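All remarks here apply to the structure that follows.
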Amino acid sequence: MSVRAPGVGRSAARGTHLVVAGLATAAVLLQLALVLAGSAVLDESAAPPLGLALVRFLCYFTIQSNLLVAVTSWWLAGDPAQDGRWFRPVRLAALVGITVTGLVHYVLLRPLLDLEGLDALADTLLHVVVPLVAVLGWVVAGPRPRTTWRTAGEALAWPLLWTASTLVVGVVSGWYPYPFLDHREGGTAAVVVACAGITVLFLLLFAGAVALDRRLRPVPADGR
């Protein structure tokens, strides 16, 4: 049985997705501009050469999750009732991925950072503002229902692939986007524990998304 909360119409849903898309896009573009300007990222002591910095920029889970939110939200701003065989897992991956981005940053990364000015603004947008508005946007504007266990299984492929490829690249190159994935920081056991914990977090969030998708009222509502 669905929760009896008022369902927003297409116009309100379109506006909600437009706000989320705009914020996610602005956050990514601001961080990109800072990388182009030579800013170091996270706990880097110095920014790498520009070409390498741009490649690494795209390797961050934070950037990928924000990009997924931006792309799917722009899509929904055009059609708030958007659906499709592959749209569903991509949209779910965006929502769960951006939630993990916010939670992991708050617990594991924020204590490492001492940012000021535009760097602090970009950090807040990417890790706090966008995760919050993306989740709230889904609660308000959906689209729902769209999530099944099959959808969750397909969406899980992205974070698993990202983790595996990141660890392989780290072993080969010596560069890890996040300190908790670097075995030189706390040992291999610490990396295993971190990966296991984050995987469990993903599974719990996917299960929660499936449950809420079935319980919350379908949106957008018919009509304007």
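What the table shows:
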{"item": "Dipole in debye (nearest 20) - the chain, about Cα centre, beta carbon charges: Lys, Arg +1; Asp, Glu -1", "result": "1200 debye"}
{"item": "Per residue Cα convex hull volume in Å³ - calculated over the chain", "result": "125 Å³"}
{"item": "Charge dipole of region 107-224 about the Cα centre (unit charges at C-beta), most positive-ward option of Ala196, Ala134, Leu216", "result": "Leu216"}
{"item": "Among 128-140, 90-102, the order from most to least packed when residues are scored by Cβ within 10 Å on average", "result": "90-102, 128-140"}
{"item": "Label-to-label distance, nm, for residues given as Asp114 and Leu32 (7 Å Cα→Cβ offset)", "result": "3.1 nm"}
{"item": "Region 115-224 - percent relative contact order, Cα under 8 Å, separation 6 or more", "result": "41 percent"}
{"item": "Linear extension gain, Trp149 paired with Leu52, 0.36 nm per residue minus alpha-carbon span", "result": "31.1 nm"}
{"item": "Protection-proxy order for peptides 68-78, 200-210, 53-63, each taking the mean of Cβ atoms within 10 Å per residue, highest first", "result": "68-78, 53-63, 200-210"}
{"item": "Residue-averaged [θ]222 nm for the chain, counting only DSSP H segments that reach four residues, each worth -39500 (n - 2.57)", "result": "-22500 deg cm²/dmol"}
{"item": "5 angstrom amide H check on Val219, placed H, neighbours 5+ away", "result": "Arg144"}
{"item": "Accessible-area composition of region 45-170, carbon plus sulfur, in percent [1.4 Å probe]", "result": "74 percent"}
{"item": "Accessible area of region 1-144 divided out per residue, in Å², using a probe of 1.4 angstrom", "result": "47 Å²"}
{"item": "Between region 49-73 and region 129-192, the Cα center-to-center distance that results, in Å", "result": "13 Å"}
{"item": "Point-charge dipole on Cβ atoms (K/R +1, D/E -1) for region 1-126, about Cα centre, debye to 20", "result": "740 debye"}
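The values are calculated or read from the model by the stated rules, or taken from the named source; none is laboratory data. Every value quoted in this text rests on a predicted model; they were computed, and no experiment measured them. Quick reminder, even Gly has a Cβ in these numbers, built from the backbone with ideal geometry, and neighbours come from all protein chains shown. Just the protein is used for accessible areas: all its heavy atoms, side chains included, with ligands, DNA and RNA removed. Shrake-Rupley method; radii C 1.70, N 1.55, O 1.52, S 1.80 Å.
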